[in-house]
Amino acid sequence: MQLNENIRKLEQNYLFAEIGLRVKHFREAHPDAEILSLGINDVTRPLAPAVCDAMAAAAREMREAARFHGYGDVQGEPFLRQMIADYYRSFHVSIGAEDVFVSDGAKSDLANLCDLFAPDSTVLLPNPVYPVFYDTSVMAGRRVCFARGTKENGFLPMPDESIRTDLIYLCSPNNPTGAVYSRAQLRQWVEYARAQNACIIYDAAYEAYIRSAALPRSIFEIAGAETCAIEINSLSKMAGFTGVRCSWVIVPRTLTQEGQSLHRLWMRRQSTKYNGTSYIVQRGAAAALSAEGQRQVRQDVQYYMENADIIRGALHRSGVFTTGGEHAPYVWMECPYHMDSWKCFGLLLSHYGIVTSPGAGFGAQGEGWLRFSSFGSRDTIRRAAHKLAAMDWDQLALWAADSLHADAPS
Ligand code: PLP
């Protein structure tokens, strides 16, 4: 037996598993401590009534022989693909229902798309980066280059003509930094991709959190993207589907390489390795995209964004620098006194019971930063904000220095 040696190149634990482990150890050592989780990616609001009603009705259909659904259309039921195309039309993007592939989550889509490209492809990733972009590229044996996000460029790295790449991953609004590309910036990425003959994989999982019409909600708002980009979106964060599972991939029929249609290849791949998304789930997804469903799920998005406002306000009162959190459910904080991010994470956990995500877990450019998630309940967010607003960062820095000395080898 020979193992895939690329898997062994990964860190031992996926970032969020590592955070979970550290919180578990803290909880075991301090069973009475209050823990306020602002570290997780998961939503906390229940599903919208329109979604639950539609899934319940779909489940009842399954009881009747005449309305039972077995294997469905591997690409997604036409009724849902049409609703997705209509959803894009609502913000003036024209895509065909035929270009949409429905599936069971953006994470699996990101991993599965690796099948389309040669194993020795070069991949350009933003850094900080959503770990799945990096891990799936490493597992597939790709050569990885980075476009560096910094405080100076607002964590919106731009193309570097000196880098030759085959694949470009972009995430906007960004996890973890909350940064959002403008149309002018995306135009530069599209021009670069076309000049390089590269494909952009555009992760729009947080598109619903954009609060300004001046910002693009899809890469397909940019002319030319239909010849060089694939877009992924998911109902996980738009409609609380993290446990239900439904996403989509747009592979335009105009996207070709070496005379081959990527749309046709993706269809070929899906029909071999996927058997379609659950009918009940697709009915729930269609309900989420309906007018009434949108009215309901947008209330939850607004709730999370109000949480982000509360977190940002509290951090500003404590005197630290933050970015993000305006069009994304993540607030990105610079650790004061050049503290390293796992150290800052540990201090906030041990002294205040607040769980965050250390920036270093998102790549070298995340070192010195922390991510705060706004997906908690309002009560959790308010309690954490109360502590954060009164945070004594000087004291924390002293504790950090003390523990550094304690950690130092004698
Ligand atoms: N893409 C980004 C940028 C994410 O942050 C996440 C989840 O946190 C995903 C994709 C995965 O979403 P899904 O639940 O659809 O698999």
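The values are calculated or read from the model by the stated rules, or taken from the named source; none is laboratory data. In this text the structure is predicted, and so the values were computed from the model without any measurement. Note that each Cβ is placed from the backbone with ideal geometry, even for glycine, and that neighbours are counted across all protein chains shown.
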Test residue 288 against the criterion of being outside any loop (DSSP other than H, G, I, E, B) and either more than 26 Å from residue 77 (Cα to Cα) or not assigned by TED's automatic domain parsing to the domain that holds residue 42 (or both), and give yes or no. yes
Residues of the stretch 348-359 satisfying the condition of being part of a helix (DSSP H, G or I) and either hydroxyl-bearing (Ser, Thr, Tyr) or buried (at least 20 other Cβ atoms within 10 Å of the Cβ) (or both): 348, 349, 350, 352, 359
Return the pair list, or none, for Cβ contacts closer than 7 Å from residues in the stretch 346-361 that are closer than 14 Å to residue 395 by Cα to residues that are assigned to a loop (DSSP other than H, G, I, E, B) and at pLDDT 95 or above, at least 6 apart or on different chains. 348/356
Just the residues that are under 23 Å from residue 176 (Cα atoms) and either of a type in the set (D, E, K, R) or outside any loop (DSSP other than H, G, I, E, B) (or both), please, taken from the stretch 1-28. 9, 11, 15, 16, 17, 18, 19, 20, 21, 22, 23, 24
When every residue in the stretch 99-111 that is within 11 Å of the ligand (Cβ to nearest atom) and out of contact with any Asp or Glu (no Cβ under 6 Å at 6 or more places or on another chain) is compared, the one farthest from residue 87 (Cα to Cα) is 111
Confirm whether residue 177 is of a type in the set (Val, Ile, Thr), in contact (Cβ under 8 Å) with a residue 60 or more places away in the chain and more than 16 Å from the ligand (Cβ to nearest atom). no
Hits in the stretch 131-149 (condition: in contact with a helix residue (DSSP H, G or I) (Cβ under 7 Å, 6 or more places away or on another chain), outside any strand (DSSP E or B) and not hydrophobic (A, V, I, L, M, F, W, C)): 131, 136, 149
Looking at (1) more than 16 Å from the ligand (Cβ to nearest atom); (2) closer than 17 Å to residue 127 by Cα; (3) buried (at least 24 other Cβ atoms within 10 Å of the Cβ), which is the only condition residue 225 fails? (2)
Is it the case that some residue within the stretch 39-62 is more than 28 Å from residue 294 (Cα to Cα), loosely packed, with under 13 Cβ neighbours inside 10 Å and either small (Gly, Ala, Ser) or in contact (Cβ under 8 Å) with a residue 24 or more places away in the chain (or both)? no
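Conditions (1) crowded, with 17+ Cβ neighbours inside 10 Å; (2) within 30 Å of residue 60 (Cα to Cα), marked per residue:
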position	(1), (2)
260	no, no
266	yes, no
270	yes, yes
275	no, yes
282	yes, yes
287	yes, yes
292	no, yes
295	no, yes
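For (1) at pLDDT below 95; (2) hydroxyl-bearing (Ser, Thr, Tyr); (3) crowded, with 20+ Cβ neighbours inside 10 Å; (4) part of a helix (DSSP H, G or I), each residue gets a yes or a no:
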{"site": "328", "(1), (2), (3), (4)": "no, no, yes, no"}
{"site": "331", "(1), (2), (3), (4)": "no, no, yes, no"}
{"site": "342", "(1), (2), (3), (4)": "yes, no, no, yes"}
{"site": "361", "(1), (2), (3), (4)": "yes, no, yes, yes"}
{"site": "365", "(1), (2), (3), (4)": "no, no, yes, yes"}
{"site": "370", "(1), (2), (3), (4)": "no, no, yes, no"}
{"site": "376", "(1), (2), (3), (4)": "no, no, yes, no"}
{"site": "382", "(1), (2), (3), (4)": "no, no, no, yes"}
{"site": "386", "(1), (2), (3), (4)": "no, no, no, yes"}
Of 16, 91, 79, 68, which residue is more than 19 Å from the chain's Cα centre (by Cα) and within 29 Å of residue 376 (Cα to Cα)? 91
Checking the conditions here, which among 125, 170 is within 16 Å of the ligand (Cβ to nearest atom), over 30 Å from residue 73 (Cβ atoms) and in a strand (DSSP E or B)? 125
Can you pull out the strands (runs of 3 or more DSSP E) entirely within the stretch 188-262 that have at least 1 residues that are closer than 16 Å to residue 289 by Cβ? 229-234, 247-250
Filter the stretch 231-289 down to the residues that are among the aliphatic types (A, V, I, L, M), more than 21 Å from residue 69 (Cβ to Cβ) and within 16 Å of the ligand (Cβ to nearest atom), then identify the one that is farthest from the chain's Cα centre (by Cα). 250
